[in-house]
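Derivation of every value follows stated rules applied to the coordinates shown; laboratory data play no part. Being a predicted model, the structure only gives us computed values, none of them experimental. Note: ideal-geometry Cβ built from the backbone for every residue, glycine included; neighbour counts use all protein chains shown.
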Amino acid sequence: MSNQTVRTPGTTDLLTLNRAATVARLLAGVAHEVNNALQVIGGTTELMQTTPGLPASVADGLQRIAVQNTRAAAAIQEVMLFARQKDAPGRTNLREIATRSVALRSFAIGRARLTIALDAPTAGRFVVNGNAALLQLAVLNLIVNAEQALAGQKGGAIRVELEEAPDSVVLRVSDNGPGVDQAAQGELFESFFTTRSRDDASGLGLSVAKIVAEQHGGTLALKEQDSGACFELCLPAV
């Protein structure tokens with residue numbers, strides 16, 4: 001008989017998973033309703049813009065509404081595409097995952113007065129074997145972790161970078177925040193561990209990202225840099 005200990009889910013784990021599944025279902029419904037509302041707002045704005053003799057101030061206001069409506073609709077569309085992703089494993093382009101992840105978070109990052117930049121060379125092969133939905137979840141978690149580290153910071157900036165390495169694809173998410181205290185680094189990837197007091201900091205983001213990396217034969221590590229924090233996801237290339 002094997003001496004390996006099999007961990008069964010505890011009550012907290014089951015409640016957390018059930019809540020996540022419920023939130024996902026609710027989010028899909030809310031996204032659908034919000035998208036319908038945005039279509040009405042966009043259509044009405046477009047009609048009003050064709051009204052003859054509009055004062056310049058009104059025309060300018062309608063244009064701003066149209067621009068923000070388009071941005072919000074694009075954000076909702078990205079959420080819906082993410083929710084509809086299939087869980088089947090296969091060849092996945094990490095550049096596409098990075099691009100979609102940045103698009104998904106751009107709206108929230110802009111509202112928080114932060115910036116995000118994607119450095120993903122058009123040349124190069126960034127294909128890995130894996131589950132696209134899980135890999136995107138891992139990348140999103142790294143971006144959200146950077147957002148939370150920068151909360152309330154003026155000039156907060158996030159950088160998502162892709163690089164080809166021998167036999168692997170490397171994705172880095174870095175920020176110019178306060179960095180990670182050395183005393184916390186040993187527990188950084190433990191489930192429910194967090195150094196933040198914010199209600200939206202569950203302590204699961206980094207641990208889930210690390211599990212996904214290891215399930216795909218890769219690694220996730222905190223890399224040293226002069227300031228801020230940098231997390232490096234390394235996956236075997238196809």
Note to self: Taking 35 Å as R0, compute the FRET efficiency from the Cβ-Cβ separation of Gln39 and Ala221 and round it to 0.05.
What the structure shows: 0.20
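At a 10 Å Cβ-Cβ cut-off, how would you order Arg105, Arg71, Arg159, fewest neighbours first? It would help to have the intermediate numbers written out before the result.
Details: Arg105 23, Arg71 14, Arg159 17.
In increasing order of surrounding Cβ atoms, one gets Arg71, Arg159, Arg105.
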Notebook entry, point to check: Based only on the alpha carbon positions, what is the Kirkwood hydrodynamic radius of segment 90-236, in angstrom?
Noted result: 15.3 Å
Note to self: Sorting check: for 49-56, 218-225, 132-139, which peptide has the highest mean count of neighbouring beta carbons within 10 Å, and how do the rest follow?
What the structure shows: 132-139, 218-225, 49-56
